[in-house]
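Notes to accompany the following structure.
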Amino acid sequence: MTDMTEQEERLVAAAIAAMGQAYAPYSKFPVGAAILDEGGGIHSGANVENAAYPVGNCAEASAIAAMVMAGRGRINAIAVAGGDGKMLCTPCGACRQRIREFAAPDTPVLISGPDGLQRRFTLEELLPESFGPENLG
Ligand code: THU
C-alpha cells in the first residue's frame, strides 16, 4: 500500500494478525486492533465475546488494555481489521471514546479488511467535537 508508512504497514499487519486471535463464537465476526504507541511499540487485541452477550469486549478495548499494561499511554495511530473487506469495520461509538482518552483529534485510524487497508480516517472525523481528558482541566 503506497499511502502508508512502513510503521503503518506493520500496524495494519498486526491488526490483521490479531483478528485471527479473536474469540467470537456468537457473532462470528472477528475483529483485530493494533496500536502504535509513543515509543514506536505495537500493542494488539481482539474481540473477546461472552455467553452473556453484553459482557464481551471489543478488539480496540483489548488493545488499549495491552498498551496500558505495557506501561504506555499514548495512541499515535490505531489500525482496526474486521469483516470480509466489503464494508468498513469502523470502531463502535464506545470505542471511539475509548481511543479518544489516549489519542489526539488528528490521530490516524486505519480501517482494514482481511487483505489490507481500505480507508484512512482521523479520530476527529470519526468522533467530532469530542470530550477528552483535557476538558477536565
Ligand atoms: N467489534 C469490535 O471488536 N470492534 C469494532 O470496531 C466493531 C465490532 C466486535 C464486537 C462483537 O464481538 C463483534 O465485533 C460483532 O459486533
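Read the figures in this text as sums done on the coordinates, not as results from a lab. All values derive from a computational prediction rather than experimental measurement. Here the Cβ positions follow ideal geometry from the backbone for every residue, glycine too, while neighbour counts run over all protein chains shown.
Among the residues of the stretch 99-126, what is the count of those that are out of contact with any Pro (no Cβ under 8 Å at 6 or more places or on another chain) and outside any strand (DSSP E or B)?
Number satisfying all stated conditions: 10.
Conditions first: (1) more than 11 Å from the ligand (Cβ to nearest atom); (2) surrounded by fewer than 19 Cβ atoms within 10 Å (Cβ to Cβ); (3) among the polar types (S, T, N, Q). Thr90 passes all but one, so which condition is the exception?
All conditions pass for Thr90, except number (1).
Which one is surrounded by the most Cβ atoms within 10 Å (Cβ to Cβ) among residues in the stretch 29-64 that are among the acidic types (Asp, Glu) and more than 10 Å from the ligand (Cβ to nearest atom)?
Out of the qualifying residues, it is Asp37.
Quick test for you: out of Gly45, Gly40, Gly32, Gly71, pick the one residue that is outside any helix (DSSP H, G or I) and farther than 19 Å from Thr107 by Cα.
Within the list Gly45, Gly40, Gly32, Gly71, the selection yields Gly71.
For Pro108, only one of the following conditions fails: (1) within 18 Å of Gly45 (Cβ to Cβ); (2) touching a strand residue (DSSP E or B) at 6+ places or on another chain (Cβ under 7 Å); (3) within 13 Å of the ligand (Cβ to nearest atom). What is its number?
Checking Pro108 against (1) within 18 Å of Gly45 (Cβ to Cβ); (2) touching a strand residue (DSSP E or B) at 6+ places or on another chain (Cβ under 7 Å); (3) within 13 Å of the ligand (Cβ to nearest atom), the one that fails is (3).
Looking at Met67, is it surrounded by 16 or more Cβ atoms within 10 Å (Cβ to Cβ), more than 14 Å from the ligand (Cβ to nearest atom) and within 20 Å of Cys92 (Cα to Cα)?
Criteria met by Met67.
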